[in-house]
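A.B. asks: Following this message is one structure expressed as structure tokens.
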Amino acid sequence: MEDKKIISEYCTVFNLRDLNRGTTTFILIKTEHCQALVDFCEEAEEVTDLFRISGEFNYLIKVQTASVEELAEFQDSLVHIGPSKSHICLKNILENRVLL
């Protein structure tokens, strides 16, 4: 599968709770300042994923924080980019699932 480029990379999976990053949150954001958001997310250590999406909001950000207080600080720092909504993950049921 490596020769056929089906496997693109190998990675290490960290236990985020042990790294004090156990709070997973998905943030929907609506912005016209797309490059500013990308630049912000590339610099923010809390951001693990950034998706361009369709619908009322145009971006979905996945963040890992130590607490909801840290999440609130992070979300406050997004205010200048546009309105947002947070969805805190209560339980991870499926993650990094391989579809073959």
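A.B. asks: Count of lysine pairs in the chain with Cα atoms under 18 Å apart, counting only pairs 8 or more residues apart in sequence or on different chains?
C.D. replies: Working: Lys30/Lys62; Lys30/Lys85; Lys62/Lys85; Lys62/Lys91.
Qualifying lysine pairs in the chain: 4.
A.B. asks: Can you sort Ile27, Ile93 so the residue with the fewest Cβ neighbours within 10 Å comes first? Write down the numbers at each step before the final one.
C.D. replies: Details: Ile27 22, Ile93 7.
With the fewest neighbours first, Ile27, Ile93 line up as Ile93, Ile27.
A.B. asks: Run lengths n ≥ 4 of DSSP H only: what is the helix-derived mean residue ellipticity at 222 nm for the chain, with -39500 (n - 2.57) per run over all residues, to the nearest 500?
C.D. replies: On the way: 2 runs with 19 residues, N = 100.
The helix contribution divided over the chain gives -5500 deg cm²/dmol.
A.B. asks: Continuing with the same structure: Please order Val98, Val79 by the number of other Cβ within 10 Å, starting at the fewest.
C.D. replies: On the way: Val98 4, Val79 9.
So the ranking, lowest neighbour count to highest, is Val98, Val79.
A.B. asks: Taking the Cβ of each residue in Ser86, Ser77 as the centre, tally the other Cβ atoms inside 10 Å and list the residues starting with the fewest. Numbers along the way, then the final one.
C.D. replies: Working: Ser86 17, Ser77 12.
Ascending Cβ contact count within 10 Å gives the list Ser77, Ser86.
A.B. asks: Once label points are set 7 Å from the Cα along Cα→Cβ at both Val79 and Ser54, what is their separation, rounded to one decimal in nm?
C.D. replies: 3.4 nm
A.B. asks: Moving on. For the chain, with a Gaussian network of springs between Cα atoms less than 10 Å apart, report the residue from Cys34, Cys11, Cys89 with the top mean-square fluctuation.
C.D. replies: Of Cys34, Cys11, Cys89, the most mobile in the Gaussian network model is Cys11.
We did not get these values from a lab; they are worked out from the coordinates using the rules stated. Since the structure is predicted, the reported quantities are computational estimates derived from the model, not experimental observations. Cβ: placed from backbone, ideal geometry, glycine included. Neighbour counts: every protein chain shown.
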